[in-house]
Amino acid sequence: MQKKERLANIELLRILAMIGVVVNHFFNYGMGIYDGYGICPDSGTDYLLYYTLQAAKALALPSVDCYVLITGYFLIGSCSPSVKGLCKVWSETWFYSVAIGAAALATGNAPCTWRELAGLLFPLATNEYWFVTSYIFLLLVAPFLSMLARGLSRRQYRLLLIVGLAVVFRYPFGLHLVSDQQFLLFIYLYLAGGYIRKYVNAATPLRPRLAAVAAFVCLMLLYCTAKNAASGTGALAVYGLSYNGLVLPAAVAVFLLFLSLRIGRRAGRVINAVSPLSLAVYLIHCHPMVEGPLWRAVSETVAGCPPGLLPLLCYACSAAIFLACIFIDCFRHAGARLLLGAAPCRRILSRATDAGRSIAHRL
């Protein structure tokens, strides 16, 4: 299998995308934007607060799409299964599902039923983490998508993406064809990331790509403003948008923007060290026995916060959650090295990878 490069600019996007996931959850569960949260516009300051919050939400929305674009960008050149990637995602998911669940149950902080126990032991089968379930199946079909891309000319590939966009884009067909799990969208994003890797010049100047991102954010703000006007309630609601709506082209624009970034070697080393830990942020803070107490505490903090400080609170809470989860995952890595040693860990992973490749070739 082709060795995946570590590009600091793309790894920085991976980190920021995971922070964006936490920001999204802050809006959804901490502020409760789907539970009647709204701003009554009594002054220009209220409008400023609304657009600041809506812009923060809009900038965070492309995070999931960007994460899948990154996968397509790196894996499109390989027609072999990403056994190492599958093992890493599955083992990390299972570890946190079981470890956090066991800790919560041992301390009596969570009820124990057979259904909940099954969710802890089989997090993929029970869809405990919807993103991980869809992502692992994407990794399973990725070699076939790469074979498809390899057999297409540039023109055919471009036509495939155009037709695919008509299928997955929310209006008029994507509303019916893209399921709640977004798996069809994930396939499209994988192929889009692959097209960028094969045919798009990474050295394009930064300014036009930055302008494209700004244009899509403005479009999202205009769309949300129109929805508020159409609601006729008078209050300004902060809206989340579907991943296959305006968020989709915005995510592509964000990805292209980061592709143009150039990062120094020293900063790159830090970014490349933090990036592999970022999946743990999702697995920890979205664990069913963590997210309830976590977001209840955040909701209480939001309730007592002056409205003008909400944007600051959003980023402060999101950064604190991200750093806490990264800190926890550092201990997991240190514990694995202490128990098994770095060399045995590498040998075990290498043998598992070789075995997976052998099975794949026989099939």
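Just checking the listed ones, Ser97, Ser278, Ser153: in the Gaussian network model of the chain with Cα springs under 10 Å, the one fluctuating most is Ser153.
The lysine pair tally for the chain, using Cα distances under 25 Å and a gap of 8 or more places or different chains, is 8. Can you check what the net charge comes to around Ala125, using other residues whose Cβ is under 15 Å from the Cβ of Ala125 (Lys, Arg +1; Asp, Glu -1)? Local charge sum for Ala125: -1. Ordering of 26-37, 302-313 by packing is 26-37, 302-313, highest average first (other Cβ atoms within 10 Å, averaged per residue).
On the basis of the beta-carbon distance and an R0 of 30 Å, Ala226 and Leu206 show a calculated FRET efficiency of 0.45. Across Leu49, Leu339, Leu177, mean-square fluctuation computed from a Gaussian network of the chain (C-alpha pairs under 10 Å connected) peaks at Leu339. When the Cα positions of Gly264, Val167, Leu177 are compared along the charge dipole of the chain, Gly264 comes out farthest toward the positive end, with charges on each C-beta of Lys, Arg, Asp and Glu.
Accessible area per residue for the chain, computed on protein heavy atoms with a 1.4 Å probe, is 50 Å². Taking θ as phi - 60° and the Karplus parameters 6.51, -1.76 and 1.60, the scalar couplings of segment 89-102 work out to 5, 5, 5, 5, 4, 5, 4, 6, 4, 6, 5, 5, x, 5 Hz in sequence order, x denoting glycine and proline.
Residues of segment 234-257 with an amide N closer than 13 Å to a point placed 7 Å from the Cα of Leu175 along the Cα-to-Cβ direction: 242, 245.
Here is the size of segment 143-247 from its Cα atoms: Rg then Dmax, 16.9, 54 Å. Over every Cα atom in the chain, the radius of gyration and the widest Cα-Cα span, Dmax, amount to 21.3, 68 Å. Here's how it looks for Tyr239: its modeled amide H is under 5 Å from none belonging to a residue 5 or more places away or on a different chain. In this simple spin-label model, placing a label point 7 Å from the Cα along the Cα-to-Cβ direction at both Leu121 and Met147 gives a separation of 3.6 nm.
Extension gain, Ala324 to Thr52: 0.36 nm times the residue separation minus the Cα-Cα distance gives 95.3 nm.
Accessible surface for Asp42 stands near 130 Å², nearest 10, in the context of the full protein assembly shown (1.4 Å probe). Note that segment 39-46 has calculated 3J(HN,Hα) couplings of 10, 7, x, 9, 7, x, 5, 5 Hz, one per residue in order, obtained from phi through the Karplus relation 6.51 cos²θ - 1.76 cosθ + 1.60 (θ = phi - 60°); glycine and proline are x.
The values are calculated or read from the model by the stated rules, or taken from the named source; none is laboratory data. Computed from a predicted model, the values in this text were never measured in an experiment. Every residue, glycine as well, gets a Cβ built from its backbone with ideal geometry; the counts of neighbours run over all protein chains shown. Surface areas here come from the heavy atoms of the whole protein model, side chains and all, with no ligands, DNA or RNA. Shrake-Rupley method; radii C 1.70, N 1.55, O 1.52, S 1.80 Å.
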